[in-house]
């Protein structure tokens, strides 16, 4: 019996099918990765919670944004791009002793000490210590989100600047680099985690947010 | 003059046998590199820009709330609208939405969940505060305000 040859399958339309699928995926999927400013909301307080401790006025950096998006920093009109330097000067002041600190590799201090890593003016009328320096943002109900985010971003820049400077001195690389390393590493080493924690403890981000009633 | 035979004109056909391979390659690239679009925003989304931003790579652990002026003003009217999943909702519904999102994630990862607030530049902080008050009630404390990447001036 003669061997029958199987006829060749016409693959000419294969490309069309593949194109169809490709276009379907192009339309229904997105490539952009969401990004933004991360903040942690304060926990809900129980009704019988003790009143919050009173923070000394010199330890509070007050930013007020009104309904027409004007910015008032420590009772003076300011532009958005001025906030970073003002915030750095405030956080980094180091006028007095701070709260006791503790990080991996260091026992909790019994008493707070001076901020030895601060390079600020040590003005007695500004903040005592980075871990006592509170930044308070007061907004109106009709403040625009754009302005609010811009202010938050400036504060973020101020903290990043200080943390980078400290990390450069302590570990010879910037804080931003350390975070990137942490992101890229498959197994994050305990040392890197500890180092990041240390920087965070030395310049903690304390931002409070409230609405003007 | 039959000596000069007419030469056959025209180019030989291009072999397109490998075209499907190329297209398939592209297809697989897109299938791997992209994620499904889950909702399409019904509210205006002109995001603010910021420099100090963090990427949210784990899409599973992110629940997105859209805030902005409604695109369809005739139905929904003016002012900031909140969009949950595929419909415009009220602040009161935020809680149920977050609970539903939590259900989709295994127990041990629920604490790592983030709420992404995608808010238009012109939205008011008051609306966002209302949402955040709801989030605090149900202990969903990790919040990210979506922004576009800006450049340092």
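The values are calculated or read from the model by the stated rules, or taken from the named source; none is laboratory data. Keep in mind it's a predicted model, so treat the numbers as computed, not measured. Cβ atoms come from the backbone with ideal geometry, glycine included; neighbour counts cover every protein chain shown.
Tabulated values for the structure
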item	result
Members of region A:132-148 found to be at the interface with another protein chain (Cβ under 9 Å from one of its Cβ atoms) and buried (at least 23 other Cβ atoms within 10 Å of the Cβ), listed by number	A:139, A:143, A:145, A:148
Residue list for region A:113-166, restricted to those being under 22 Å from residue A:54 (Cα atoms), without any contact (Cβ under 8 Å) to a residue 60 or more places away in the chain and outside any loop (DSSP other than H, G, I, E, B)	A:114
Test for residue B:57: is it surrounded by fewer than 18 Cβ atoms within 10 Å (Cβ to Cβ) and within 12 Å of residue A:34 (Cα to Cα)	yes
Test: residue A:154 is within 28 Å of residue B:121 (Cβ to Cβ), surrounded by 14 or more Cβ atoms within 10 Å (Cβ to Cβ) and at pLDDT below 85	no
Number of the condition not met by residue B:52 [criteria: (1) outside any loop (DSSP other than H, G, I, E, B); (2) within 13 Å of chain A (Cβ to nearest Cβ); (3) in contact with a helix residue (DSSP H, G or I) (Cβ under 7 Å, 6 or more places away or on another chain); (4) farther than 18 Å from residue B:141 by Cα]	(1)
Any chance residue B:120 is out of contact with any helix residue (DSSP H, G or I) (no Cβ under 6 Å at 6 or more places or on another chain), more than 30 Å from residue A:154 (Cα to Cα) and in contact (Cβ under 8 Å) with a residue 40 or more places away in the chain	no
From B:4, B:29, B:24, residue being over 30 Å from residue B:149 (Cβ atoms) and surrounded by fewer than 16 Cβ atoms within 10 Å (Cβ to Cβ)	B:4
Matching residues, region B:119-134, being facing chain A (nearest Cβ under 8 Å) and surrounded by 21 or more Cβ atoms within 10 Å (Cβ to Cβ)	B:119, B:120, B:123, B:124, B:125, B:128, B:132
Residue, surrounded by the most Cβ atoms within 10 Å (Cβ to Cβ), within region B:135-153, restricted to residues that are more than 22 Å from residue A:34 (Cα to Cα) and touching a helix residue (DSSP H, G or I) at 6+ places or on another chain (Cβ under 9 Å)	B:138
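To keep it simple, each residue is scored yes or no on (1) surrounded by 15 or more Cβ atoms within 10 Å (Cβ to Cβ); (2) at pLDDT 85 or above; (3) within 14 Å of chain B (Cβ to nearest Cβ).
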{"site": "A:53", "(1), (2), (3)": "no, no, no"}
{"site": "A:63", "(1), (2), (3)": "yes, yes, yes"}
{"site": "A:73", "(1), (2), (3)": "yes, yes, no"}
{"site": "A:79", "(1), (2), (3)": "no, yes, yes"}
{"site": "A:87", "(1), (2), (3)": "yes, yes, yes"}
{"site": "A:95", "(1), (2), (3)": "yes, no, no"}
{"site": "A:98", "(1), (2), (3)": "yes, no, no"}
{"site": "A:103", "(1), (2), (3)": "yes, no, no"}
